[in-house]
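To keep things clear, I will list the structure first and then write my remarks on it.
Laboratory data are not the source of any read-out in this text; all were calculated from the coordinates shown. Source: prediction; values computed, not measured. Positions of Cβ are backbone-derived with ideal geometry, glycine not excepted, and every protein chain shown enters the neighbour counts.
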Amino acid sequence: MPKPAPPELDPGVVPDLARACINDDKFPMLATMDGDQPRVRPVSPVRMDGFTIYIANLRSYGKTAEIAANPKAEICFMDGEHNQVRITGRIEEVTDRTLIMDIWNSYKLLAVYLGSPDNPEFMLYRFVPTQVRYMQEWALSYYEVDPETA
């Protein structure tokens, strides 16, 4: 059986394809480091601003200590066509109360699970991209996307 050959893409459309892929995946995989051991788990983004991803978290989760020790991470999104976006960057805790409340009020499931934004377990992370790569299924090579592309 011959290997499928994905069409060559115009680089000008790749940022839009990458954003569409991100929007299609409800549970991307986040990779962090636990010492020298990689750890990967699904996460549920609560906001996406371009290629900056916001993730709600609980302080008691294992990834909290991992991120505190090493904020470098990668998140991978895959759409229904098996295209993928891999975002490499660093994770930082959001402390801006206005931003926290804006996200809290726009993502109703937070209240269902956490009750209040003042719950001491609740924290919000911002995933700041340093590299964004898009790959079509079967392409076996990535298109670089400028992380600043909104």
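Put simply, the C-alpha atoms of segment 1-91 give a gyration tensor, and the ellipsoid matching it has half-axes of 28, 15, 12 Å, longest first. Across the chain, C-alpha contacts under 8 Å between residues 6 or more apart give a mean separation that, scaled by the residue count, equals a relative contact order of 28 percent. The length gained by stretching the chain between ALA69 and TYR142 to full extension, at 0.36 nm per residue less their Cα-Cα distance, is 23.3 nm. The charge dipole of the chain, taken about the Cα centre with unit charges on the Cβ atoms of Lys, Arg (+1) and Asp, Glu (-1), comes to about 440 debye, rounded to the nearest 20.
In order along segment 13-30, the phi-based Karplus estimate (6.51 cos²θ - 1.76 cosθ + 1.60, θ = phi - 60°) of 3J(HN,Hα) comes to 9, 4, x, 5, 5, 5, 4, 4, 4, 4, 5, 7, 9, 7, 9, x, 9, 9 Hz; Gly and Pro are listed as x.
Going from the fewest other Cβ atoms within 10 Å to the most, the residues ILE91, ILE75 appear in the order ILE91, ILE75.
With contributions of -39500 (n - 2.57) from each DSSP H run of at least four residues, the per-residue ellipticity at 222 nm computed over the chain stands at -6500 deg cm²/dmol. When Rg and the Kirkwood radius Rh are both evaluated on Cα atoms of segment 6-150, their ratio Rg/Rh stands at 0.99.
Ranked by the mean number of other Cβ atoms within 10 Å of their residues, highest first, the peptides 108-119, 11-22 fall in the order 11-22, 108-119. In terms of other Cβ atoms within 10 Å, PHE122, PHE51 run from fewest to most in the order PHE122, PHE51. Among LYS3, LYS72, the order by Cβ neighbours within 10 angstrom, fewest to most, reads LYS3, LYS72.
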